[in-house]
Amino acid sequence: NAGVTQTPKFRILKIGQSMTLQCTQDMNHNYMYWYRQDPGMGLKLIYYSVGAGITDKGEVPNGYNVSRSTTEDFPLRLELAAPSQTSVYFCASSYVGDYGYTFGSGTRLTVV
Amino acid sequence: TQLLEQSPQFLSIQEGENLTVYCNSSSVFSSLQWYRQEPGEGPVLLVTVVTGGEVKKLKRLTFQFGDARKDSSLHITAAQPGDTGLYLCAGRADGLTFGKGTHLIIQP
């Protein structure tokens, strides 16, 4: 099983550009999450979803959007990229909410 | 907002030594999870403790949940270079709260 797959692995964006970070899981988990990880700051929740068609904001949602049209996919959209969005982004999924996450390997994004 | 404080922030020791890292909060959690993250990878779940006072062992790693379910510890016996990584604790209450982690380096 692949688990949670994130693409791309690395990306450099110019200020004002947009992009979509892809996340797919093959474990039939209902719960999916997007986190960003910054040095010394820990993991911060951006958005989460409890099932297809249902999404909700986390701790740091500004500048991001998500959709959940299928159980497997949970893309994260960045509109008008800003240097403050330079970070490592992790997608995760779980069978039970907030319990026993499986993480992807991350996307390292730099905004210049 | 629940906060989880992990200590120490950084720890570098020699292979074969023992160590303990801590995860503390003033909040009560229904469960406490420990993850290990290696450079360039996502965190990987090591263990979940649920009951106050619970002790779980994973080979040379021993995890304990405090009696009041506000804190946890991770003890590693005879540390090996393969134990090197960022150790994160995460408490489940109103959502899942992550600590900032302990960076552990085991030198050969």
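The values are calculated or read from the model by the stated rules, or taken from the named source; none is laboratory data. A quick note: this is a predicted structure, and the numbers were derived from the prediction, not measured. Because the Cβ atoms are built from the backbone with ideal geometry, glycine has one as well, and the counts that use them run over all protein chains shown. Note: accessible area is taken over every heavy atom of the protein model, side chains too, but ligands, DNA and RNA are not part of it. Shrake-Rupley method; radii C 1.70, N 1.55, O 1.52, S 1.80 Å.
For the stretch B:8-26, the set of residues classified as of a type in the set (S, T, Y) and within 14 Å of another protein chain (Cβ to nearest Cβ) consists of B:S25 only. Across the stretch B:51-108, the qualifying residues are those that are part of a loop (DSSP other than H, G, I, E, B) and within 22 Å of A:L45 (Cβ to Cβ), and the one among them that is most open to solvent (accessible area, probe 1.4 Å) is B:D94.
Summed over the stretch B:26-44, residues that are surrounded by 18 or more Cβ atoms within 10 Å (Cβ to Cβ) and over 13 Å from B:L74 (Cβ atoms) total 5.
Of the residues B:V49, B:V55, the single one that is among the hydrophobic types (A, V, I, L, M, F, W, C) and within 14 Å of another protein chain (Cβ to nearest Cβ) is B:V49.
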